[in-house]
Amino acid sequence: MRENGGFKAPQESKLVNSIEEVFEYINHWDVARKELPYETDGVVIKVNSLDQQDELGFTAKAPKWAMAYKFAAEQVSTRLEEITYQVGRTGSITPVANLEAVEISGTTVRRASLHNADQIEKLDIRVGDEVYVEKGGEIIPKIVAVDLTKRPENSTPTVYATHCPECNTELVRNEGDAKHYCPNDMACPPQVKGRIEHFISRKAMDIDGIGAETVGQLVDAGFIHNYADLYDLTVEQVLPLERMAQKSAENMINGIEASKQVPFERVLFGLGIRYVGETIAKKLAKHYKNIDSLFNMPAEPEKTSIDLFADVSSAADKKMEELTAVPEIGESIAQSLVEFIQNEDQMAIIERLKNAGLQFALSEEQLEGQTDKLSGKSFVISGVFEMSRNDLKKLVENNGGKNSSSISSKTDYLIRGDKMGPSKLEKAEKLGITMISEQEFLAMI
């Protein structure tokens, strides 16, 4: 089918009929892959039946009817020359091993991530050590061990950085976090640039005519200090930038203006709040409907000494409780949101974005047909229906329910269609899951 459609497909694919044949294939290509004209790090094994694929379903991230078998990574040793530190857009600090150049899987490796302070302590990695390096998935270099027999006699334990390498602010490490952070989010250069780059990215504001290099020039020139400043830029202002012609400048400003129509959930994602990724932003937008409801903090309780047992929970505690009541919002996400809301500088930026005309509420079209009738209920859809499955799933979500691809004890309803797989039916009966038809589901909403 792929070849008939004009697609280029590997000729090494093979249909097998037993697990023994699967491992024969894997063992063969673990050796033979070195002769291929491209690099590969493993084998994908799939169930060769569309009906069985449909029956097995998906997890939140991957199909249950396919799995990847990874070959053992090539491992070499080299010397660790220096440990430096990088700052991410959210202020996270990543230690980096600078290595004596070594070739692994056809590429020269000079740097590898050390991840965090715990990893350095676990491996007891020190400058001057002979270390074993491999490529995770044949792509990302990582240090997996230290050759202690070659450790220099004058070696000293690694002392983790205490201050930001970019702005010299003292680092913090929150309880339960693996990483250290630079709290200077409004002025630390990599954070400033990183947040703006995230804001303009395709899955967020998707602003045409501006990229990471241009963001760097705008920040370095002092034209912008945060993403709200983008909406004050003019063609005349950006024209002097390197490699910026009249048409490019106009495209940039037009792209910024067009971003004012980007829907609320993508604007929320673009704000770059720690732990609020694309999926969580959609859930929060759908639950709260607008930014004011999401960012509204409860009033601080009045302090009194009359009743020692009165509820004196702070506004932050109450907001945390409110947020964690939203499905799939845990304490880390809630804590991050509360910290963002309580940051006066961030709230000033939000006000500027509001005044610029960005979308901070779901549109009437998005709100149409939305209810809370199925709130807190989990649905599995299986079989063939009059309407499409995607339409059924959308109806579940629009009415506050949650879609799941597999049946479990947490499933409330199984929407049962024609030609439903026997294994799902058996599991639903065993767990006592309520089974309803397409018509019965439509009657519920």
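Restricting to the stretch 191-218, count the residues that are over 17 Å from Glu250 (Cα atoms) and surrounded by 18 or more Cβ atoms within 10 Å (Cβ to Cβ).
11
Tell me which of these Thr59 doesn't satisfy, since it passes every other one: (1) among the polar types (S, T, N, Q); (2) within 30 Å of Glu166 (Cβ to Cβ); (3) in contact (Cβ under 8 Å) with a residue 40 or more places away in the chain.
Going through (1) among the polar types (S, T, N, Q); (2) within 30 Å of Glu166 (Cβ to Cβ); (3) in contact (Cβ under 8 Å) with a residue 40 or more places away in the chain one by one, Thr59 breaks only (2).
Could you name every one of the helices (runs of 4 or more DSSP H) located completely within the stretch 214-285 that has at least 2 residues being under 30 Å from Leu323 (Cα atoms)?
264-270
Please give the number of the condition Leu358 fails out of (1) in a loop (DSSP other than H, G, I, E, B); (2) touching a helix residue (DSSP H, G or I) at 6+ places or on another chain (Cβ under 6 Å); (3) outside the structural domain of Leu284 (by TED's automatic domain parsing).
All conditions pass for Leu358, except number (3).
Determine if the stretch 21-38 includes at least one residue that is in contact (Cβ under 8 Å) with a residue 60 or more places away in the chain and more than 30 Å from Ser408 (Cα to Cα). Spell out the reasoning first.
To start, the set of residues in the stretch 21-38 that are in contact (Cβ under 8 Å) with a residue 60 or more places away in the chain comprises none.
No - not one qualifying residue is present in the stretch 21-38.
Out of (1) in contact with a helix residue (DSSP H, G or I) (Cβ under 9 Å, 6 or more places away or on another chain); (2) in a helix (DSSP H, G or I), what's the single condition that is false for Met387?
(2)
Being over 29 Å from the mean Cα position of the chain (by Cα) and modelled with pLDDT of 95 or more is the requirement here; does Glu81 meet it?
yes
Residues in the stretch 341-355: is at least one modelled with pLDDT of 95 or more, surrounded by 12 or more Cβ atoms within 10 Å (Cβ to Cβ) and either farther than 30 Å from Leu230 by Cα or under 22 Å from the mean Cα position of the chain (by Cα) (or both)?
Yes; the residues of the stretch 341-355 include at least one that is modelled with pLDDT of 95 or more, surrounded by 12 or more Cβ atoms within 10 Å (Cβ to Cβ) and either farther than 30 Å from Leu230 by Cα or under 22 Å from the mean Cα position of the chain (by Cα) (or both).
With (1) touching a Phe, Trp or Tyr at 6+ places or on another chain (Cβ under 7 Å); (2) within 18 Å of Ala258 (Cα to Cα) as the list, and Arg195 as the residue in question, which single condition is left unmet?
All conditions pass for Arg195, except number (2).
Can you name the residue in the stretch 372-383 that is at pLDDT below 90 and on the phi < 0 side of the Ramachandran plot and is also surrounded by the most Cβ atoms within 10 Å (Cβ to Cβ) among such residues?
Step by step, filter the stretch 372-383, then rank; the result is Ser375.
Any chance you could count how many residues in the stretch 394-412 are in contact with a strand residue (DSSP E or B) (Cβ under 9 Å, 6 or more places away or on another chain) and part of a loop (DSSP other than H, G, I, E, B)?
Total satisfying the criteria: 8.
Checking Gly128 against (1) surrounded by fewer than 20 Cβ atoms within 10 Å (Cβ to Cβ); (2) among the small types (Gly, Ala, Ser); (3) under 30 Å from the mean Cα position of the chain (by Cα), which single condition isn't satisfied?
Just one mismatch for Gly128, condition (3).
Taking the stated definitions as given, is Val262 surrounded by fewer than 18 Cβ atoms within 10 Å (Cβ to Cβ) and modelled with pLDDT of 95 or more?
yes
If you take the residues of the stretch 181-205 that are basic (Lys, Arg) and in contact with a helix residue (DSSP H, G or I) (Cβ under 9 Å, 6 or more places away or on another chain), which of them is nearest to Ile350 (Cα to Cα)?
Arg195
Quick check on the stretch 230-238. Is at least one of its residues within 27 Å of the chain's Cα centre (by Cα) and surrounded by 17 or more Cβ atoms within 10 Å (Cβ to Cβ)?
The answer is yes, given that some residue of the stretch 230-238 is within 27 Å of the chain's Cα centre (by Cα) and surrounded by 17 or more Cβ atoms within 10 Å (Cβ to Cβ).
With surrounded by fewer than 13 Cβ atoms within 10 Å (Cβ to Cβ) and not acidic (Asp, Glu) as the only criterion, which of Gly421, Gly400, Gly369, Gly417 stands out?
Gly369 is the lone residue from the list that is surrounded by fewer than 13 Cβ atoms within 10 Å (Cβ to Cβ) and not acidic (Asp, Glu).
Do you know which residues across the stretch 369-384 are among the aliphatic types (A, V, I, L, M) and part of a strand (DSSP E or B)?
Val380, Ile381, Val384
The values are calculated or read from the model by the stated rules, or taken from the named source; none is laboratory data. Predicted model, so just to flag it, every value in this text is computed and none were measured. Note that each Cβ is placed from the backbone with ideal geometry, even for glycine, and that neighbours are counted across all protein chains shown.
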